[in-house]
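See below for the structure under consideration.
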Amino acid sequence: MPKPSARSAAAPASPIRRLYPLAVEAKRRGKKVYHLNIGQPDIPTPDAFLRGVRESDVKVLAYAPSPGIPEAIDALHRYYAEWGLNVAREEILITIGGSEAITFALTVTCDPGDEVLVPEPFYPNYQGYARLTNVEIVPVTTSREDGFHLPPRQDIEALIGPRTKAILFSHPGNPTGVVYTPAELETLVDIAARHDLFIISDEVYREFVYEGTHRSILSYPEAGDRIILVDSISKRLSACGARVGAFISHNRDVMAAAFKCATIRLSAPTFEQLGLVAFMADPDHRRVVTDMIREYRRRRDVLCQGLAAIPGVTFRKPEGAFYIMIGLPVADAEAFVRWMLTDYPGQETVMLAPGAGFYRTEGLGLDEARGAYVLQVDDLRRACAALAEGLELFAKAAAEEAMVGRG
Ligand SMILES: Cc1ncc(COP(=O)(O)O)c(C=O)c1O
C-alpha cells in the first residue's frame, strides 16, 4: 500500500482541536461545555458585510482575479490608509485567510531546510505551515513571568545561523496576548537589517489592543523591503469562515513571487471579498469594530478577575488579541484538561487548550493552558467557577491516588 508522505505525518495535529472528541462525548452525556479552547468569536458578523454578500449581483460565480477583486483591494487600501499605514494597491495580495498568507510568506522567503525564528509560545499552525513547506522553526523562548515579551537582543541573535531567513511573530500575540513595545519592534527591525532577514509580522489581531498602542511593522519604513505583513478579516470582522486575508510587502520581488503562488491557487473566495467591499463602504465600519473591541476588553477583565480568585493560578493580564496563557497548579495541564471533560463531576465544565502544543521546545508549557475569551461575560464567570472547583477536585483525586499508590 502506498503511504502518505513523511512531511504530512510530521505536521502536528492542532492542540486546539485534538481533544475535541472528548468535549463531544461530554456533551453527549448532557454536560454543558464552555469552549475556551478555540479562537472562534461569537460576535455577529457585521450586517453591512452580510448584506454585501446577500445582495451581490453575481450571475456567474467565476474565478476572481488571482491578486484579489480590484474593489476589495481598494477596500483594504482604504483600511490601511485609515490606520495611517502607507501601502500601495500593488503591494496588496488578497489571500485565502491569513493562513494562506503565512504559507506564501514561508514559501517565498525560504527554501527547504531554511530556518525561521519564532517567539514561543506561538500559534501552533505555524508549525504545521513550516512542516508543509519544509521550513524549520527555531524558537525564541519567552515566559509568562515576563509577560511573554522578548528576551534580550543577544539571546535572539545567538539563534541566528547561516540558514536563518526570517523572523515570524504574531503581534498582538496568539496565544500570549503580548503587544510588543516600539523598542522591541525596533530591536527586531535592527536584528533583521544586521543579519539580512525578512520580518513576517502576523497582525491578524491588529485592533485587539487593550494596553498601550499597537505599532504595525509597516510603520517602520527603515525595514522597507524586508517586511511581509500577514493580515486577515477573520477576527476583526468576526468572519472566520469568510477565508479572506492579505499578504502585503513593499518588496517587488517578494510580491512577484507571491503573485505567482496566487495564480497557482487561482483565486480567493468571491462573495466574501464582496462582503468586505460592502463593509468598508459602510460609513459606520470603524464604530462596529470599536464596539467589538470594547466587548473583548470587558471579557478579558472578567476572565482575569475570575482567574485571579483561583488559588495557584498564575497569569499576566494580556495586552491584546483574545487569548491568555494560564499557569495551572498542576504538573500535567493536558491531563487536567482531559479530566475536566471526562471525570469532572459538575454539570458545567470547561475546555482549555493544553499549553505544551504552543511550544517548540520539548518540556515547556506542561503546566499551562491557553484560554480564549470568546464567550459572553456570564459564561466566562461560570467557566471560572467550574475551573476553580475542577482544580480543587483534581488535586484531591491526585492526592488520593498517591495515598493508594503508597499504601
Ligand atoms: C496568529 C494567527 N494567525 C493567523 C491565523 C489564521 O487566520 P485566518 O482565519 O485568517 O486564516 C490565526 C487564526 O486563529 C491566528 O491566530
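The values are calculated or read from the model by the stated rules, or taken from the named source; none is laboratory data. Predicted, not measured: the structure shown is a model, and the values here were computed from it. Quick reminder, even Gly has a Cβ in these numbers, built from the backbone with ideal geometry, and neighbours come from all protein chains shown.
Take D74 and decide whether it is acidic (D, E) and not in a helix (DSSP H, G or I). Even if it seems obvious, please write down each step before you answer.
Values: acidic (D, E): yes; not in a helix (DSSP H, G or I): no.
Taking the combined requirement at face value, the residue does not satisfy it.
Which fully enclosed strands (runs of 3 or more DSSP E) of the range 185-298 have 1 or more residues being surrounded by 15 or more Cβ atoms within 10 Å (Cβ to Cβ) and more than 16 Å from the ligand (Cβ to nearest atom)?
198-202, 227-232
When the residues of the range 337-375 are narrowed to those that are of a type in the set (S, T, N, Q) and touching a helix residue (DSSP H, G or I) at 6+ places or on another chain (Cβ under 8 Å), which ends up farthest from F148 (Cα to Cα)? Working first, answer last.
First pass over the range 337-375, keeping only residues of a type in the set (S, T, N, Q): 342, 347, 349, 361.
If we keep only those that are touching a helix residue (DSSP H, G or I) at 6+ places or on another chain (Cβ under 8 Å) as well, we get 342, 349.
Working: T342: 31, T349: 28 Å.
Residue satisfying both the conditions and the ranking: T342.
All but one of (1) within 16 Å of the ligand (Cβ to nearest atom); (2) under 15 Å from L19 (Cα atoms); (3) in contact with a His (Cβ under 7 Å, 6 or more places away or on another chain) hold for G357; state the number of the condition that does not hold.
The one condition G357 does not meet is (3).
Would you check if there is a residue in the range 310-328 being at pLDDT 95 or above, over 19 Å from the mean Cα position of the chain (by Cα), buried (at least 20 other Cβ atoms within 10 Å of the Cβ) and acidic (D, E)?
For the range 310-328, residues at pLDDT 95 or above, over 19 Å from the mean Cα position of the chain (by Cα), buried (at least 20 other Cβ atoms within 10 Å of the Cβ) and acidic (D, E): absent.
Would you point out which residue out of R382, R338, R316 is part of a helix (DSSP H, G or I), in contact (Cβ under 8 Å) with a residue 60 or more places away in the chain, assigned by TED's automatic domain parsing to the domain that holds A11 and touching a Lys or Arg at 6+ places or on another chain (Cβ under 9 Å)?
Numbers: R338 fails: touching a Lys or Arg at 6+ places or on another chain (Cβ under 9 Å); R316 fails: part of a helix (DSSP H, G or I).
The unique qualifying residue is R382.
Could you say which residue among R17, R78, R54, R28 is closer than 22 Å to W339 by Cα and modelled with pLDDT of 90 or more? Don't jump to the end; show me each part of the working.
On the way: R17 fails: modelled with pLDDT of 90 or more; R78 fails: closer than 22 Å to W339 by Cα; R54 fails: closer than 22 Å to W339 by Cα.
So the residue among R17, R78, R54, R28 that is closer than 22 Å to W339 by Cα and modelled with pLDDT of 90 or more is R28.
Looking at the range 36-50, I want the residues that are of a type in the set (F, W, Y) and have a partner that is more than 13 Å from the ligand (Cβ to nearest atom) with Cβ atoms under 7 Å, at least 6 apart or on another chain. Which pairs are those?
As it stands, the answer is F49/G275; F49/A278; F49/F279, since those pairs meet every condition given.
Residue-wise test of (1) over 26 Å from R163 (Cβ atoms); (2) within 21 Å of the chain's Cα centre (by Cα); (3) of a type in the set (F, W, Y).
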| position | (1), (2), (3) |
| --- | --- |
| P65 | yes, no, no |
| G68 | yes, no, no |
| L76 | yes, yes, no |
| I94 | yes, yes, no |
| G97 | yes, yes, no |
| P119 | no, yes, no |
| P124 | no, yes, no |
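Counting just the residues of the range 115-146 that are buried (at least 18 other Cβ atoms within 10 Å of the Cβ) and part of a loop (DSSP other than H, G, I, E, B), which one comes out farthest from the ligand (Cβ to nearest atom)?
Per the stated criteria, the residue is R144.
Taking the range 87-101 as the region of interest, how many residues are within 16 Å of the ligand (Cβ to nearest atom), of a type outside the set (G, A, S) and outside any strand (DSSP E or B)?
The initial filter retains those residues of the range 87-101 that are within 16 Å of the ligand (Cβ to nearest atom), namely 92-101.
Now restrict to residues that are of a type outside the set (G, A, S): 92-96, 100.
Next cut, outside any strand (DSSP E or B) only: 96, 100.
Matching residues across the range 87-101 total 2.
Test A64 against the criterion of being part of a helix (DSSP H, G or I), among the small types (G, A, S) and buried (at least 19 other Cβ atoms within 10 Å of the Cβ), and give yes or no.
no
Go through (1) within 16 Å of the ligand (Cβ to nearest atom); (2) in contact with a helix residue (DSSP H, G or I) (Cβ under 9 Å, 6 or more places away or on another chain); (3) part of a loop (DSSP other than H, G, I, E, B) and name the single condition V179 misses.
Result: V179 passes all but (2).
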